[in-house]
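Notes follow once the structure below has been shown.
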Amino acid sequence: MAFKGEFHAPDIDKEFFPVDRWLTDFAGGAFTLDRLMLVRILMAVVLMGFFMIAMRNPRLIPSGVQNFSEICLDFVRVHISEEILGKDQGRRFLPVIATIFFATLAMNLPTVLPGLNVSPNARIGFPMMLALLGYITFVYAGAKKYGFFRYIKLSIVIPNVPPALHILLVPIEILSTFILRPVTLTIRLMANMLAGHLIIVLLFSATNFFFWQLNGWTLLSAGISVLSIAFTLFELLVIFLQAYIFALLVAVYIDSSLHADNH
């Protein structure tokens, strides 16, 4: 059976770098908006609105939206912040860790939301800002406890090794601690969300292509459709896991800064 027409993969460039833009002439284009930026703004408003509504009239015995929001916050507090940092430091850094977790989760969700169908975290800007927030936090944690220069020394100088080895080890520690950490946080999140989006788009595009053959190939579209739905459900798990891993790693980096003297 010959195929009717040709299959053309969706144009990803236009999806992540849309041609349609707004406010291009305002302030020299510094506040230019495109579709992804509008999705980011929308999800930020939804996230802030959710917690404002949930906590607008907090009760000692929560119910409804307040109860759900407290369950979410308790998950971050117990299973990420306090699990890694302990109760005292966990509560101290909970606002930052919770912000990173919920911001990551909110920006991941649009990839499976009808009408949006794209994750703002699949473009590098927002993951980079989240990584920068984590980077500033763990450097601040170490500098606050030990003093900035002593913290840097404790982080990059491994004790009880032959002096000659410091020539090799110090650059490696600088690279791994102060350069690779934010870079890997950024790339891990962006690459996972981008890959998931590409697979979903290709699966649903293939479903559409085979369906409109209107011959024996149309039956194949049913199988691909089931696979598309299954992968979308799997992507929901990835959306949560990426937020969890990002926040967890930030907590681990903060803990390593607070215990830099045990390097």
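The values are calculated or read from the model by the stated rules, or taken from the named source; none is laboratory data. None of these values were measured; they are calculated from a predicted model. Positions of Cβ are generated from backbone atoms using ideal geometry, with glycine treated the same way; all protein chains shown enter the neighbour counts. Accessible surface is based on the protein model in full, side chains and every heavy atom, while ligands, DNA and RNA are left aside. Shrake-Rupley method; radii C 1.70, N 1.55, O 1.52, S 1.80 Å.
Per-residue ellipticity at 222 nm computed for the chain from its helices equals -23500 deg cm²/dmol, with DSSP H segments shorter than 4 residues left out and the rest contributing -39,500 (n - 2.57). For the chain, compute Rg over Rh where Rg is the Cα radius of gyration and Rh is the Kirkwood radius from the inverse mean 1/r over Cα pairs. So for the chain, dividing Rg by the Kirkwood Rh gives 1.07.
For the chain, the longest principal axis of the Cα atoms and the long axis of helix 218-258 meet at an angle of about 10 degrees.
Over segment 1-145, with a single point scatterer placed on each C-alpha, what log10 of the ratio I(q)/I(0) does the Debye formula yield at q = 0.08, 0.09, 0.21 1/Å? Here log10 of I(q) over I(0) equals -0.34, -0.43, -1.32. Accessible surface calculations at 1.4 Å, restricted to protein heavy atoms, place the chain at 57 Å² per residue. Reducing segment 198-234 and segment 127-168 to their Cα centroids gives an inter-centroid distance of 49 Å. Between residue 12 and residue 144, what is the label-point separation in nm under the 7 Å Cα-to-beta-carbon projection? Spacing of the two 7 Å Cα→Cβ label points: 4.0 nm. Expressed as a whole percent, the accessible area of segment 9-118 that falls on carbon and sulfur atoms is 65 (1.4 Å probe). In terms of its C-alpha gyration tensor, segment 27-94 has an oblate overall shape, because the principal axis ratio a/c (a ≥ b ≥ c, square roots of the eigenvalues) is not below 1.5 and a/b does not outweigh b/c.
Taking the centroid of alpha carbons for each part, segment 69-100 and segment 171-189 are 23 Å apart.
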